[in-house]
Amino acid sequence: MGWKNHPRTVLLALLATHVLAHIDRNMLLGFAPQITRDLALNNAQYGFLTGAVWVLSFGVMAVLLGSIADRFSRTRVMAAGILIWSACTAASGWAHNFEQMAAARFFVASGEAALVPAAVSLLTELFDERRRGGAMGVFFMGIPLGLGLAFALAGLLGAALGWRGSFHALGVVGVGVGVAALWFKDHRVERAEAERGAPLLHQLRNVLVLLRGNSTVAMTVIGFVFLHLAFVGITFAQLWLVRERGVDAAVAARTVGLLGIVFGVLGTLIGGVLSDRLARRLPGGHAGFIVLLVLICGPLMIASRFAGAGSALLYVGLCASFFLPLAAYGPSIALIQGLTPDAMRATITGITMLLINVFAIAIGNLVAGAVSDRLVAAGSQHALTQVLIATDVLVIVGAVFYALAARGPRIAAAPTGVVAH
């Protein structure tokens, strides 16, 4: 397995794959007007395709495939996932009604669920504690880069290939990547049974025991879920700017898109690298670093809710809302992985992704939308502002759990295998 002697090359390859995953995931958003028109989708059906499908499939499959990656080959799990999501991305281009598109997107989400748990476990093995947060930050740059490139490619490819041809082309590229990934061997199956992940139900019990016995890991997972409530503000940002701040719709779309890409990328990169540099100097290490981030960004997010459309504070707060949750990825994942046994690392990542998707993304967005509708019905002129202030406060509450995590062990166990120095 000589490829493991080149951890930075592995990291770049995983970043490129993560970018591809988020391009395939978000192309539906990039082609939303064309797809909803051609398939005669109503808003509820479109919302289901972009939201509930991912929670139902991605979250659950992340746990299952994470447990498989802990027990068998991580590279084979990733390769299978890439092949599945790429084939179903291509199949999305042949969909002619809501049901066909829903089935295709369900399996795109299922395939993509294989990537993050297996990749995070592999990167934990390849990078030591001093550089692990930075490596995770680089890998999770795939989220904002993939989102931005999805919209860019929709504009570039759409004119030449149409939305159907674009999905077909992306599927072909992904299948090529998946076939290439099959060449890389990760012989975890050759380890002794005790050094590998257990079968699914036993593995889940093991992770539960870990969470009960290690407050640092448990508090970090809970805090990480709370920080993802910032994505509720991002989801409703464009509507909030247009409806309650009077910003032109086209200007709002461009602003949200540009800030999301720029400050999302800066967040993942700076948060990961800077947390590694400061972890040994701050009380609580990586957890203490995230507390500091929340104390800086959280008040800016809340203050921006009271700012007018022409105020610089409005846009500073938007930048903070994009920066904060993505800046937490590197240090949070590094902390969780460093205190988790090798045989459970992919599984606990899958469980974390499930909790984020269910509680922060699905329930968070649903409750925010429902509460804002009730406030509007009651006559409120600032319904979204009130709801987003509440979610910003909950994001700040997440710092409490990181502060509790900071009181526990901060030294990660040395990973098995080759490390980057």
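Selection within segment 398-421: residues that are touching a helix residue (DSSP H, G or I) at 6+ places or on another chain (Cβ under 6 Å) and at pLDDT 95 or above. The member of this set that is farthest from residue 279 (Cα to Cα) is 398.
Can you say whether residue 355 is more than 30 Å from residue 70 (Cβ to Cβ) and touching a residue at least 24 places away in the same chain (Cβ under 8 Å), as far as the supplied structure shows? First the steps, then the outcome.
Working: more than 30 Å from residue 70 (Cβ to Cβ): no; touching a residue at least 24 places away in the same chain (Cβ under 8 Å): yes.
In short, no.
Taking each residue of segment 117-136 that is on the phi < 0 side of the Ramachandran plot and looking for partners that are surrounded by fewer than 24 Cβ atoms within 10 Å (Cβ to Cβ) and among the polar types (S, T, N, Q) with beta-carbon atoms closer than 7 Å, six or more apart or interchain, yields 125/416. Counting just the residues of segment 275-333 that are polar (S, T, N, Q) and in contact with a His (Cβ under 8 Å, 6 or more places away or on another chain), which one comes out surrounded by the most Cβ atoms within 10 Å (Cβ to Cβ)? Ranking the qualifying residues of segment 275-333, first place goes to 275.
For segment 1-18, which positions are among the hydrophobic types (A, V, I, L, M, F, W, C) and either part of a loop (DSSP other than H, G, I, E, B) or more than 23 Å from residue 173 (Cβ to Cβ) (or both)? Within segment 1-18, 1 is the sole residue that qualifies.
Residues of segment 243-260 that are at pLDDT 90 or above and among the hydrophobic types (A, V, I, L, M, F, W, C): 247, 259.
Within segment 207-227, residues that are under 15 Å from residue 393 (Cα atoms) reach partners that are of a type in the set (S, T, N, Q) with beta carbons closer than 6 Å, at six or more positions or on different chains, in the pairs 224/332.
Set side by side, the residues 56, 123, 115 differ, and just one is surrounded by fewer than 20 Cβ atoms within 10 Å (Cβ to Cβ) and under 30 Å from residue 199 (Cα atoms), which is 56. Quick check on residue 167: is it in contact with a Pro (Cβ under 7 Å, 6 or more places away or on another chain), in contact (Cβ under 8 Å) with a residue 40 or more places away in the chain and crowded, with 19+ Cβ neighbours inside 10 Å? No, not satisfied. Restricting segment 349-375 to residues that are among the β-branched types (Val, Ile, Thr) and in contact with a Gly (Cβ under 9 Å, 6 or more places away or on another chain), the residue that is farthest from residue 44 (Cα to Cα) is 349.
Output yes when any residue across segment 336-345 is surrounded by fewer than 18 Cβ atoms within 10 Å (Cβ to Cβ), within 30 Å of residue 197 (Cα to Cα) and either assigned by TED's automatic domain parsing to the domain that holds residue 204 or not β-branched (Val, Ile, Thr) (or both), and no when none is.
Just the residues of segment 336-345 that are surrounded by fewer than 18 Cβ atoms within 10 Å (Cβ to Cβ), to begin with: 341.
Add one more test, that the residue is within 30 Å of residue 197 (Cα to Cα), and what stays is 341.
Adding the requirement that they be either assigned by TED's automatic domain parsing to the domain that holds residue 204 or not β-branched (Val, Ile, Thr) (or both) leaves 341.
Within segment 336-345, one or more residues are surrounded by fewer than 18 Cβ atoms within 10 Å (Cβ to Cβ), within 30 Å of residue 197 (Cα to Cα) and either assigned by TED's automatic domain parsing to the domain that holds residue 204 or not β-branched (Val, Ile, Thr) (or both).
To keep it simple, each residue is scored yes or no on (1) touching a Ser or Thr at 6+ places or on another chain (Cβ under 7 Å); (2) part of a helix (DSSP H, G or I); (3) under 29 Å from residue 202 (Cβ atoms).
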position: 20; (1), (2), (3): no, yes, no
position: 36; (1), (2), (3): no, yes, no
position: 40; (1), (2), (3): no, no, no
position: 44; (1), (2), (3): no, yes, no
position: 68; (1), (2), (3): no, yes, yes
position: 78; (1), (2), (3): no, yes, yes
position: 85; (1), (2), (3): no, yes, yes
position: 100; (1), (2), (3): no, yes, no
position: 108; (1), (2), (3): yes, yes, no
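The values are calculated or read from the model by the stated rules, or taken from the named source; none is laboratory data. Quick caveat: nothing in here was measured; it's all calculated off a predicted structure. Don't worry about glycine lacking a Cβ; one is built from the backbone with ideal geometry, like all the others, and counts go over all protein chains shown.
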